[in-house]
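Scroll down for the structure; my scribbles are underneath it.
The values are calculated or read from the model by the stated rules, or taken from the named source; none is laboratory data. None of the values given here were measured: they were computed from a predicted structure. Cβ: placed from backbone, ideal geometry, glycine included. Neighbour counts: every protein chain shown. To get the accessible areas, we keep the full protein, side chains included, count just its heavy atoms, and leave off ligands, DNA and RNA. Shrake-Rupley method; radii C 1.70, N 1.55, O 1.52, S 1.80 Å.
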Amino acid sequence: MPPQPPAPPVFYSFPDTSKLVDSLANFVVKAQKDAIEKRGKFTLALSGGSLPNNLKGLIGQEGVQWDKWEIFFCDERVVPLDHEDSNFRACNDAFLSHVPIPREQIHTIDESLLDDLDELSDEYEKQLISLFAEKNAARFPVFDLILLGMGPDGHTCSLFPGHELLLETDRWVAYLEDSPKPPAKRITFTYPVINHAYRVAFVVAGDSKQDMLHAVLDQPEEGLPCSRVRPAAPGLVFWFADDAAAKKANTSDAEEAQRLAKERINANSAI
Ligand SMILES: O=C(O)[C@H](O)[C@@H](O)[C@H](O)[C@H](O)COP(=O)(O)O
């Protein structure tokens, strides 16, 4: 059978952020249930920015097997873990410190390597390799769920418009020293990681995201970093937006994309 093409993005919008937060929590809990049933653990990657605060709906959820979660960070700023710019710290303050995930299952950067970005990104890639088996055998880590934000310029992770890292096809984790969003030094997952996940979900809210969300969804040919997120089959990409952010996006295909996604999930024993 020829490989299936990537599925169209599944788009959900909500009248306000609290409904988005509740629905996102249900979505994550469902993804963890499916993953634990099929693979015995739940691998989840988190972003920084506004995402951590939108995960608060997970705190106190019933039926969650926290001891089976393995957490990574889609991108990380090159600062100590207790620094106010750290994505680990943002996620920890908003969500991780409120749930009983064992600390050794929260995979953070090695703070002793902050002065050597090459070593730092290499070490983080090695943490991925050790969880997802040998790089050569697996070729790519396949996350159960990757949660992303969309920056005002259409960036995601630390993959910025026009940056050479958009073309990376080999490394799983890369570094940059010229991030246009401060701080300049960061490490980031690359598309080979993002585009092999079972589920990727973007979370966007607010008027200020309207034009960019429209561009990312309706003009994919522009090649903005968010538009390049197209997980290989059977992977799926979802958007959780509030109505303010969704105002200009063309959502006429939303029902059809939801139907196709359900069909793909039902037909594929891995998702
Ligand atoms: O480290 C980072 O800066 C983030 O991981 C980044 O990719 C973020 O997700 C977007 O910039 C969206 O941020 P907002 O949701 O705050 O707009």
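Numbers below:
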item: Conditions (1) among the β-branched types (Val, Ile, Thr); (2) farther than 29 Å from Asp178 by Cα; (3) over 17 Å from the mean Cα position of the chain (by Cα); (4) surrounded by 17 or more Cβ atoms within 10 Å (Cβ to Cβ); number of the one not met by Val21; result: (3)
item: Condition broken by Leu167, with the remaining ones in (1) over 23 Å from Pro5 (Cβ atoms); (2) among the hydrophobic types (A, V, I, L, M, F, W, C); (3) open to solvent by 30 Å² or more (accessible area, probe 1.4 Å) satisfied; result: (1)
item: Test: Ala215 is touching a Leu at 6+ places or on another chain (Cβ under 8 Å), at pLDDT below 95 and buried (at least 16 other Cβ atoms within 10 Å of the Cβ); result: no
item: Condition check for Ala184: surrounded by fewer than 21 Cβ atoms within 10 Å (Cβ to Cβ), modelled with pLDDT under 95 and hydrophobic (A, V, I, L, M, F, W, C); result: no
item: Residue count, segment 111-128 (criterion: of a type in the set (Gly, Ala, Ser) and either free of Cβ contacts under 8 Å to residues at least 60 places away in the same chain or open to solvent by 70 Å² or more (accessible area, probe 1.4 Å) (or both)); result: 1
item: Breaking point among (1) open to solvent by less than 10 Å² (accessible area, probe 1.4 Å); (2) assigned to a strand (DSSP E or B); (3) not β-branched (Val, Ile, Thr), for Tyr12; result: (1)
item: Hits in segment 229-262 (condition: among the charged types (D, E, K, R) and open to solvent by less than 30 Å² (accessible area, probe 1.4 Å)); result: Asp242
item: Asp34, sole failed condition from (1) modelled with pLDDT of 95 or more; (2) more than 12 Å from the ligand (Cβ to nearest atom); result: (1)
item: The lone exception for Gln210 - which of (1) open to solvent by less than 30 Å² (accessible area, probe 1.4 Å); (2) at pLDDT below 95 it fails; result: (2)
item: Single residue of Lys68, Lys56 found to be closer than 26 Å to Gly235 by Cα, of a type in the set (Lys, Arg) and touching a Lys or Arg at 6+ places or on another chain (Cβ under 9 Å); result: Lys68
